[in-house]
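Asks: I have a structure here, written as structure tokens, and I will follow up with some questions on it.
The values are calculated or read from the model by the stated rules, or taken from the named source; none is laboratory data. A quick note: this is a predicted structure, and the numbers were derived from the prediction, not measured. In this analysis, Cβ positions are derived from the backbone assuming ideal geometry, glycine residues included, and neighbour counts consider all displayed protein chains. The accessibility values were calculated without ligands, DNA or RNA, using every heavy atom of the protein model including side chains. Shrake-Rupley method; radii C 1.70, N 1.55, O 1.52, S 1.80 Å.
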Amino acid sequence: MNWLTSLFRSKRGQRFFADIEAELHEDTGYAPVSRDTQTAIAELSQVAKDNPDAVEIYLALGNLYRSHGEIERAVQIRQNLIVRPGIDEGIKAKAWYELGVDYKRSGFVDRALGAFEQARKLEGDEPAIIRELALLTADAGDYERAARNYAKLDNPIAQAHYTVRIAQEKFPEDATLALKWLKKALKTYPGSIEAWRERLLYDMREKDWTALSKHLDKALVQVEPALAFILFEGIIAADLAEHSDDSFKSDLPFQYHPQEALSQAVLKVLEKAEPDLLTQFYAAWMAWGQNKEESRKWLERTLVLNQDFWPARLELLAISMDDQPLSPAFRQQLEFFIQRARKLKRFVCRKCGLKREQIFFECPRCHSWHSISYRAVINK
């Protein structure tokens, strides 16, 4: 029985390893400083001192130093292992990987990328290594490498997302090339909400309303129905950005009037689409600039599908204010309430429950792709 087996089988050893395991976060390898990490470091340092050839112990010790915020000491341990003569290639790859995590924790992106690349050369395209490379290349703005890395991870949603990011960079200089990248993104993932939205925004910039109707019709077939609202959010945001003068703003009900050509192009598609809660709600937005009563009808249709859909009830309340004999004081209070209610965070992650006012494609908290949802019920 070797020394490591003896240590693990003893009660003291089992408690010791259990403490170490508890200190390490299962996803990142980081740990909060909890209980007495310094004592664990001291214990493991002594074990390593007594058994200098136990490289696994040094890796674990480096992780504890990192969890305690002593990054320089963690880096030194990895570097010593990497240059140690005769070390197993698998252990060296692990040391390079952990060194990459150390550098990433310290904010040294270039060094982290280099370390993960060294680990990849030794270990191949292991998912854990490629995932780190994908995250770092995306954060560094190297979208082509990020897309390639996500392709290796068999994640077409993320791959298409970063292909669209390439297209966005190309549009100001070469629209033809940018459109080719969008086409590539849709070939990678036909339901890419990012690619379809960017295509619609291009049609808006070109004021090609026929193309916009055609592409919106195709997009509603391809994208996940629960994500279709992202298309309309993009259209509205772009229209507001283009027409930021006061003539295109309104206090009630939808805060702005869409330009007529845009309204007609979108409604042309939505009028023949299958009844859907959110698409009918956004149809009310598009109809408001042309016909108040038509907008009211679209809102009432959403409530037929879901009586608890709070945005429709809120806007119906706003529309109805002009039809009611209200005192100036009560009208002022009601307008204040409506404006405050409009500022509620409308979007939520279906996976972790994170609420946001802005659209997201990857959840900032749990990093799930396309998990965003519209908050149809206000108490959720």
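Asks: Just need the Rg to Rh number for segment 127-204, please, alpha carbons only, Kirkwood Rh.
Replies: 0.99
Asks: When ligands, DNA and RNA are left out and all protein chains stay put, how many square angstrom of accessible area per residue does segment 271-380 have with a 1.4 Å probe?
Replies: 56 Å²
Asks: OK, next. Per residue of segment 166-177, in order, report the coupling 6.51 cos²θ - 1.76 cosθ + 1.60 (Karplus, θ = phi - 60°) as ³J(HN,Hα) in whole Hz, putting x for Gly and Pro.
Replies: Here the 3J(HN,Hα) series is 4, 4, 4, 6, 7, 3, x, 9, 8, 5, 4, 5 Hz.
Asks: With label points built 7 Å along Cα→Cβ from the Cα atoms of Glu260 and Lys180, find their separation and express it in nm.
Replies: Each label point is offset 7 Å from its Cα along the Cβ direction, giving 4.0 nm.
Asks: Here's another thing I want to ask about it. How much accessible area per residue does segment 136-230 have, in Å², with a 1.4 Å probe?
Replies: That works out to 48 Å² for each residue.
Asks: Just need the Rg to Rh number for segment 142-298, please, alpha carbons only, Kirkwood Rh. Walk me through the intermediate numbers first.
Replies: Working: Rg = 16.5 Å, Rh = 16.3 Å.
Computed over Cα atoms, the ratio is 1.01.
Asks: Between Phe108 and Arg148, what FRET efficiency follows from the Cβ-Cβ distance if R0 is 25 Å, with the result rounded to 0.05?
Replies: 0.65
Asks: May I ask for the distance between the Cα centers of segment 330-347 and segment 134-158, given as a whole number of Å?
Replies: If you average the Cα positions of each part, the centres end up 41 Å apart.
Asks: Also, I was wondering about something else. Note down the Stokes-Einstein diffusion coefficient of segment 75-212 in µm²/s, whole number, using a Kirkwood radius over alpha carbon pairs, 4 °C, and 1.567 mPa s.
Replies: 78 µm²/s
Asks: To the nearest 0.05, what FRET efficiency results for Ala140 and His367 with a Förster distance of 30 Å applied to their C-beta separation?
Replies: Approximately 0.95, to the nearest 0.05.
Asks: In addition: Using the Karplus curve 6.51 cos²θ - 1.76 cosθ + 1.60 with θ = phi - 60°, what ³J(HN,Hα) values do you get for each residue of segment 140-149, in whole Hz, with x for Gly and Pro?
Replies: 7, x, 8, 5, 5, 5, 4, 4, 5, 5
Asks: What number in nm² do you get for segment 277-380 if you take the convex hull of its Cα atoms and divide its surface by four? Mind showing how you got there, number by number?
Replies: Values: hull surface 29.6 nm².
Computed as one quarter of the Cα hull surface, the answer is 7.4 nm².
Asks: Apply the Karplus curve 6.51 cos²θ - 1.76 cosθ + 1.60, θ = phi - 60°, to the phi angles in segment 271-278 and return the couplings in whole Hz, x for Gly and Pro.
Replies: After applying 6.51 cos²θ - 1.76 cosθ + 1.60, I find 5, 9, 7, 4, x, 9, 4, 6 Hz.
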